[in-house]
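Written out below as structure tokens is the structure these notes cover.
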Amino acid sequence: MPIMRLPAVLAAFLSALLLAGSTTAHATAHAAAYPVRDRVLTANQLYSSGKLAPVRCRERTITPDSAPRYLSAVLSCLNASWGAHFKRAGLPFTRARISFITKPRRYCGHAWDEAQAKYCFAENRFLVLLDGDVLKDPSDLYLFNVVAHEYGHHVQNLTGMRRAYDLLPYRGKKELNEQARRMELQAECLAGVFIGSVWKFLGRPAEDWYYLLELNKRSGDEQYKVRDHGKGVNMAAWLDRGFRASSPSACDTWSAPISQVS
């Protein structure tokens, strides 16, 4: 079953943190897809659902040993926040689940590659790889954002956007990669929506947010041969856009000009 990639993170000052995975492959079609005309993607009910209401989510202290409990608590907050939002919007909702591994393995029918986390649409569940690199300094917002980003894919799944993405026609690899970037950048924006909605309860200084944005700027497709996640500056821009809006209305990457999803 399909798995979505996370943006790749290669920040020299964080001992080569990794955030990558394998894209969903959808069938080749005969017609070009741009501009995207599927209203499930460009006029989804999610966009008009309003701001994500603040949920009192307090961040646990995280250590290498407590990372699974920490991330499980983040997921509980995500389920509570998005679950309440979907209920207010009259949208069907299913809670996401999370599991952890310490070594890469096949998941949802795909090789792991260099992923930090992968979401399986068929299971409404994602795995997080808790290895040595990511646990060297787990106190920043990196792991928090990993889970929030994967939950963005869960939101796409619940709203029909994942299915619509799978069915999008495309003409050649270049256009396919562009569609993958729109999918990934939207998940990053939705992560920002959640983080912005709970920010006042986290008790973190603004510097922590700017540090995460800096990580994103250093983590884009410039680091890899495949151009399917977006430039670092665009990854950071969509994350920050969601954060400042705290609303899914900020996250329509499907209607954005190509320059914003390059």
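Residue 220 meets the conditions (1) in contact (Cβ under 8 Å) with a residue 60 or more places away in the chain; (2) farther than 18 Å from residue 262 by Cβ; (3) crowded, with 17+ Cβ neighbours inside 10 Å in every case but one. The failed one is (2). Go through the residues of the range 152-168 one by one and say whether even a single one is over 25 Å from residue 233 (Cβ atoms) and free of Cβ contacts under 8 Å to residues at least 40 places away in the same chain. For the range 152-168, residues over 25 Å from residue 233 (Cβ atoms) and free of Cβ contacts under 8 Å to residues at least 40 places away in the same chain: present. Taking the criterion of being open to solvent by 70 Å² or more (accessible area, probe 1.4 Å) and either without any contact (Cβ under 8 Å) to a residue 12 or more places away in the chain or of a type in the set (A, V, I, L, M) (or both), the residues of the range 206-215 that qualify are 207, 210. Out of 164, 187, 206, 245, I need the residue that is under 19 Å from residue 38 (Cβ atoms), more than 16 Å from the chain's Cα centre (by Cα) and among the small types (Gly, Ala, Ser). Which one? Of the residues listed, the single one that is under 19 Å from residue 38 (Cβ atoms), more than 16 Å from the chain's Cα centre (by Cα) and among the small types (Gly, Ala, Ser) is 164.
Taken over the range 33-73, the criterion of being within 27 Å of residue 171 (Cβ to Cβ), more than 19 Å from the chain's Cα centre (by Cα) and not in a loop (DSSP other than H, G, I, E, B) is satisfied by 39 alone.
Residues considered: 255, 262, 247. Of these, the only one that is at pLDDT 90 or above, among the hydroxyl-bearing types (Ser, Thr, Tyr) and crowded, with 19+ Cβ neighbours inside 10 Å is 247.
In the range 250-262, the residues that are closer than 11 Å to residue 190 by Cα form Cβ pairs under 7 Å with partners that are open to solvent by 10 Å² or more (accessible area, probe 1.4 Å) and polar (S, T, N, Q), at six or more places apart or across chains, as follows: 252/42. Looking only at the range 246-262, count how many residues are out of contact with any Cys (no Cβ under 8 Å at 6 or more places or on another chain), assigned to a helix (DSSP H, G or I) and among the hydroxyl-bearing types (Ser, Thr, Tyr). So the count comes out to 3. Looking only at the range 57-98, residues that are within 21 Å of residue 121 (Cα to Cα), open to solvent by less than 40 Å² (accessible area, probe 1.4 Å) and free of Cβ contacts under 8 Å to residues at least 12 places away in the same chain come to 0 in all. All of 132, 109, 203 fail the test of being closer than 24 Å to residue 77 by Cβ, open to solvent by 30 Å² or more (accessible area, probe 1.4 Å) and modelled with pLDDT under 95, apart from 203.
The values are calculated or read from the model by the stated rules, or taken from the named source; none is laboratory data. What you see is a predicted model, and the numbers here were worked out from it, not measured in a lab. Heads up, the Cβs are rebuilt from the backbone with ideal geometry, glycines too, and the neighbour counts pull from every protein chain shown. Surface areas here come from the heavy atoms of the whole protein model, side chains and all, with no ligands, DNA or RNA. Shrake-Rupley method; radii C 1.70, N 1.55, O 1.52, S 1.80 Å.
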